Amino acid sequence: MAAMVVEQRELGRLSALAVYRRMAGAGRMERRRRGAPLPAGRKRAKARPRRGRAGGGSSEPEAPPPAAPPSRVELPMEGPVEAPVEAPVEAPVELPLEAPVEAPVELPLEAPVDPRPEATAAGPDAKPRGGPKAMPGGPRPAGEGGGGVSGLLRRLARLEDSRQRAAELFRWLLAPVAPAEFLGRHWERAPLLLRRGDPGYYAGLFSTADFDAALRGGEVHFGTHLDVTSYAEGVRETHNPSGRALPAVVWDFYQNGCSLRLLCPQAFSPTVWHFLSILQEQFGSMAGANTYLTPPGTQGFAPHYDDIEAFVLQLEGKKHWRVYRPRTDAEVLPQFSSANLTQAELGEPVLETVLEAGDLLYFPRGFIHQGDCLPDAHSLHITVSSYQRNSWGDFLEKLLPAALQMALEEDVEYRRGLPMDYLQYMGVANSDTADARRTAFVEKVQSLIKKLVDYAPIDAAVDQRAKSFLHDCLPPVLTQSEKAQSVYGFPARWQDGGPCNVDILITKDTEVRLLRHGIVRLCNEEAGVMLYYTTENSRVYHKEEPKFLELDPEYTDSIEFLLSSYPNHVSVANLPCETLEEKISLATLLFEKGILTTKKPLAKI
């Protein structure tokens with residue numbers, strides 16, 4: 001059982017944990033974060049392009065949808081594949097932090113990098129422990145051949161289509177289980193345990209050396225980026241001091257039995273950033289992550305369930321896990337995470353196992369979990385998460401108000417007045433009354449609701465969901481060749497007393513394509529046609545406002561043409577604009593925003 005965290009004095013020195021408890025009180029409990037923060041206020045930047053307008057936010061502020069009760073979906077509760085034991089997946093979804101932010105960045109063929117000096121990113125400096133091995137009788141993992149995760153990402157970069165990269169990464173994540181089998185048997189249904197027997201399967205993704213490098217970068221702050229936690233004798237505590245998380249203080253907490261949760265590791269690790277930026281296109285929903293470092297013989301988090309689909313990747317050491325089914329129908333695929341639970345509330349686990357390096361554990365939202373370290377080893381794992389607030393109910397929260405507004409505008413039946421006497425026979429107090437007027441009233445409501453489907457702007461609501469997803473997205477990571485063919489590799493600089501290589505010379509013969517398939521979305525809004533894009537997003541969740549260009553309607557065919565042509569290059573002359581000037585203008589605008597790349601570099605570096 002996990003050792004109890006104790007306040008102690010060693011060699012005449014108080015530990016960081018003792019100081020924290022003395023200042024804040026030992027009874028200070030964590031308030032669990034429920035869901036992602038609301039977007040920042042929006043404002044529009046002034047247009048620079050010839051016929052488009054760039055902006056940093058939506059033309060109409062989006063109010064958060066009202067909270068709805070969890071849907072009571074009946075799903076087959078299949079048994080997990082393989083079973084040993086395990087404990088709580090220590091965190092829901094990535095939480096926002098105020099850390100360095102990057103636009104799309106060059107990824108050299110060797111490893112992801114961020115060329116900006118101000119960026120704080122801990123590179124994968126841990127030595128790989130051997131490349132992933134093919135499972136006997138199973139598919140050959142995409143990462144085989146050496147290089148660990150970094151090698152896998154290099155091989156994926158050779159695929160022309162970003163959708164194929166995402167599918168291959170997903171296949172590698174689940175190997176040797178085929179994605180179709182996983183989606184049919186486990187996704188949103190039942191846990192999956194993969195014992196790979198390969199400690200180097202995730203080599204290079206993230207390590208304790210990367211964790212230490214992030215701390216030494218000086219940009220990690222308690223609470224914003226790092227949580228210090230403990231769970232002993234049924235009490236869950238958070239021990240976050242204020243201010244910067246300096247290595248000496250953090251590692252002292254760890255030595256005294258505290259777990260460390262690094263929020264949003266993609267802000268500090270280029271490899272995690274690259275990994276998630278590919279995977280998000282497979283999910284069509286934000287892919288987030290937290291990393292958890294737990295000392296031997298301890299537990300950092302109370303049993304709980306989350307509002308995300310969780311993939312636990314064991315990076316170092318080992319950890320004992322226990323997973324439990326949802327207790328009620330209301331907890332199946334919940335909209336929000338639970339509070340901390342007690343052991344008495346749990347029942348028997350459906351899965352109990354010890355994860356070792358290279359193993360994977362998946363469980364759907366709503367499955368209670370808890371994890372503790374064995375006495376003989378520390379544990380480092382990363383929880384990759386997705387599908388927060390991405391249900392049919394969340395979609396209908398967007399769709400139904402829009403459908404009702406359209407019906408009110410177009411159909412007089414929705415504008416007719418209620419019966420003068422309806423308060424006399426309707427309402428809970430009258431619910432058992434037999435009255436023909438009640439029957440007529442209910443039938444009228446049912447008729448209007450059924451008719452509402454005819455006014456539902458389904459595609460427009462999907463576009464609004466996609467717009468929100470693009471705001472959530474990580475910016476793309478560029479390979480060396482992609483950088484050379486994009487604005488990020490353009491050789492404009494100050495030289496010999498003035499700027500040189502400034503002109504972007506796109507002609508009718510220039511061949512172009514989208515940088516990624518999923519980086520843009522056209523939305524028809526009241527203010528006009530908006531093209532939302534991800535290339536200027538932050539690695540920190542919602543640190544930047546949504547990025548968009550306001551386009552003239554005649555450009556929509558060209559955007560759709562570029563989307564349908566991907567991943568093939570097309571000549572600017574073939575863009576379906578009315579004039580050559582408009583074709584070149586649109587291509588130049590999209591190139592300047594990093595949305596388009598050219599088949600050949602426009603200038604030699």
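In whole percent, how big is the carbon plus sulfur part of the accessible area of the stretch 148-390, probe 1.4 Å, protein atoms only?
Values: 3240 of 6450 Å².
So the carbon and sulfur contribution to the accessible surface is 50 percent.
Could you provide, to the nearest whole Å², the per residue accessible area of the stretch 224-299 with probe 1.4 Å?
Per-residue accessible area for the stretch 224-299 comes out at 22 Å².
Any of K467/K583; K444/K467; K398/K543; K508/K547 with alpha carbons more than 32 Å apart? Name them for me.
Among K467/K583; K444/K467; K398/K543; K508/K547, the Cα-Cα distance tops 32 Å for K444/K467.
Ordering K319, K599 by how much accessible area each has at a 1.4 Å probe, largest first, what is the list?
K599, K319
Hey, can you find the accessible area per residue of the stretch 470-598 for me, probe 1.4 Å, expressed in square angstrom?
On the way: 5050 Å² over 129 residues.
I get 39 Å² per residue for this part.
Sequence-distant or interchain residues sharing an amide H contact under 5 Å with H221, placed H: which?
Placed amide hydrogens put L226, A245 under 5 Å from H221.
Which residues in the stretch 494-520 place their backbone N less than 16 Å from a point set 7 Å from the Cα of E160 along the Cα-to-Cβ direction?
Residues 511-517 fall inside that zone.
If you stretched the chain out fully between E348 and W251, how much longer would it get, using 0.36 nm times the residue separation minus the C-alpha to C-alpha distance?
31.4 nm
Given a Förster distance of 60 angstrom, what is the FRET efficiency for E554 paired with R327, based on the Cβ-Cβ distance and rounded to 0.05?
For R0 = 60 Å, the calculated efficiency reads 0.60.
Identify the GluC sites (Glu not before Pro) of the stretch 529-604 meeting these criteria: DSSP loop state and at most 12 other C-beta atoms within 10 Å of the C-beta.
Those satisfying the criteria are E578.
I need the calculated FRET efficiency for the pair T507 and D411, taking r as the beta carbon distance and R₀ as 56 Å, to the nearest 0.05.
Result of the calculation: an efficiency of 0.60.
Considering only C-alpha atoms, what is the centroid distance from the stretch 347-411 to the stretch 249-295, in Å?
16 Å
Which order do you get for T328, T510 if you rank them by accessible area with a 1.4 Å probe, largest at the top?
From most exposed to least exposed: T328, T510.
So which GluC sites (Glu not before Pro) in the stretch 165-271 end up in coil per DSSP with only 16 or fewer other C-beta atoms within 10 Å?
Taking the stretch 165-271 and a limit of 16 other Cβ atoms within 10 Å, the loop GluC sites (Glu not before Pro) found are E188, E233.
Enumerate the calculated ³J(HN,Hα) couplings along the stretch 592-602 in order (Karplus 6.51 cos²θ - 1.76 cosθ + 1.60, θ = phi - 60°), each rounded to whole Hz, writing x wherever the residue is Gly or Pro.
For the stretch 592-602, the Karplus curve yields 5, 8, x, 7, 9, 10, 9, 5, 10, x, 6 Hz.
How many angstrom separate the Cα center of the stretch 444-471 from the Cα center of the stretch 532-549?
25 Å
Need one number: nm distance between label points at L404 and D421, each 7 Å from Cα along Cα→Cβ, rounded to one decimal.
Distance between the two pseudo-spin positions: 2.8 nm.
Please list, in order along the stretch 169-185, the HN-Hα scalar couplings obtained from phi with the Karplus expression 6.51 cos²θ - 1.76 cosθ + 1.60 (θ = phi - 60°), rounded to whole Hz, x for Gly and Pro.
Ordered by residue, 3J(HN,Hα) equals 5, 4, 4, 5, 4, 9, 3, x, 6, 6, x, 5, 5, 4, 5, x, 9 Hz.
Can you compute the charge dipole magnitude of the stretch 239-330 about its Cα centre, using +1 on each Lys and Arg Cβ and -1 on each Asp and Glu Cβ, nothing else charged? Give it in debye, rounded to the nearest 20.
300 debye
For Y422, what accessible area in Å² do you get when you roll a 1.4 Å probe over the heavy atoms of the protein chains, rounding to the nearest 10?
60 Å²
Report in % the part of the accessible area of the stretch 430-557 that belongs to carbon and sulfur, leaving out ligands and nucleic acids; probe 1.4 Å.
50 percent
Pop out the ³J(HN,Hα) list for the stretch 364-377 in order, Karplus 6.51 cos²θ - 1.76 cosθ + 1.60 with θ = phi - 60°, rounded to Hz; leave Gly and Pro as x.
Coupling constants for the stretch 364-377: x, 4, x, 7, 6, 8, 7, x, 9, 8, 6, x, 9, 7 Hz.
The values are calculated or read from the model by the stated rules, or taken from the named source; none is laboratory data. Quick caveat, the model's predicted, so the values are computed rather than measured. Cβ sites come from the backbone with ideal geometry, for glycine too, and all protein chains shown count toward neighbours. Heavy atoms of the whole protein, side chains included, go into the accessibility calculation; ligands, DNA and RNA do not. Shrake-Rupley method; radii C 1.70, N 1.55, O 1.52, S 1.80 Å.
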